[in-house]
Amino acid sequence: MEIEEEVARKRQTIKVEDPQQAYPEIRDLLINRMSFDHVSEEKYFNDVEEGKIRTKIETEEGYDKYTEEIVELFVVIDKKERELDVQIKSLLVTEYPMTLSYQKTLWYYAYRSLFDKFLYGGVRHAYEPDVENKTDEILQRIRDAVE
């Protein structure tokens with residue numbers, strides 16, 4: 001059983017001084033200078049003729065044994081226009097284990113639904129301000145790194 005909730009979505013176009021260094025700077029920021037459990041690059045396209053780099057980077061950070069924050073960054077760097085377009089989508093994903101046979105029964109599903117609604121739902125919603133703050137911090141640090 002998985003519960004996925006979108007917490008924040010931001011988009012910004014930033015003028016960059018050095019478009020060649022913008023992409024390595026963003027990767028270095030996310031991998032080395034920020035604290036994420038896992039950073040992966042889903043897609044990367046470098047269109048040399050148009051002078052654009054498009055990439056999708058996904059970061060993960062766990063809060064507890066059920067919930068993690070997933071931040072998806074969609075980055076487009078236009079070298080000719082010297083612009084960086086950043087879209088950030090932050091998700092809060094709660095996943096309950098379904099590995100054992102009794103966890104796949106209707107009774108267990110009903111129990112998990114009630115557990116989530118009355119007990120754990122409040123814990124998950126308490127993580128939302130942290131996710132929003134992390135989204136704002138990522139956008140600010142990208143802006144500081146490339147401007």
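Derivation of every value follows stated rules applied to the coordinates shown; laboratory data play no part. Just so you know, these numbers come straight off a predicted model, no measurement behind them. Cβ sites come from the backbone with ideal geometry, for glycine too, and all protein chains shown count toward neighbours.
Going through (1) 2, 8, 16, 20, 21, 17, 9, 3, 2, 1, 1, 0, 0, 0; (2) 2, 9, 17, 18, 15, 11, 9, 7, 5, 3, 2, 0; (3) 2, 8, 13, 17, 17, 15, 13, 8, 4, 2, 1, 0, 0, the figure that equals P(r) over Cα pairs in 5 Å bins from 0, in percent as computed for the structure here is (2). The C-alpha atoms of the chain define a longest principal axis, and helix 19-28 lies at about 30 degrees to it.
For the chain, the longest principal axis of the C-alpha atoms and the axis of helix 106-115 are separated by about 70°.
Cα centroids of segment 38-82 and segment 127-147: 14 Å apart. Within the shell defined by Cβ-Cβ distances under 13 Å, the residues around HIS125 carry a net charge of -3, with Lys and Arg each +1 and Asp and Glu each -1. For the chain, a Gaussian network of Cα nodes joined below 10 Å ranks ALA110, ALA126, ALA22 by mean-square fluctuation, and the top entry is ALA110.
From largest to smallest, the equivalent ellipsoid semi-axes obtained for segment 50-127 from the alpha-carbon gyration tensor read 39, 14, 9 Å.
Only helical runs count toward this figure. For the chain, summing -39,500 (n - 2.57) over DSSP H runs of n ≥ 4 and dividing by all residues gives -9500 deg cm²/dmol at 222 nm. Site-free segments of the chain were taken between trypsin sites (Lys or Arg not before Pro) in DSSP loops having at most 13 other Cβ atoms within 10 Å, sites themselves excluded; the longest one is 81-147. Along segment 92-100 the Karplus relation, 6.51 cos²θ - 1.76 cosθ + 1.60 evaluated at θ = phi - 60°, assigns HN-Hα couplings of 10, 10, 10, 10, 9, x, 9, 8, 8 Hz to successive residues, with x for each Gly and Pro.
Would you work out if segment 5-51 is rounded, prolate or oblate? Take a ≥ b ≥ c from the square roots of the eigenvalues of the alpha-carbon gyration tensor; rounded if a/c is under 1.5, else prolate when a/b is larger than b/c, oblate otherwise. Before the final figure, lay out each step's value.
Numbers: a/c = 1.64, a/b = 1.43, b/c = 1.15.
Note, shape of segment 5-51 comes out prolate.
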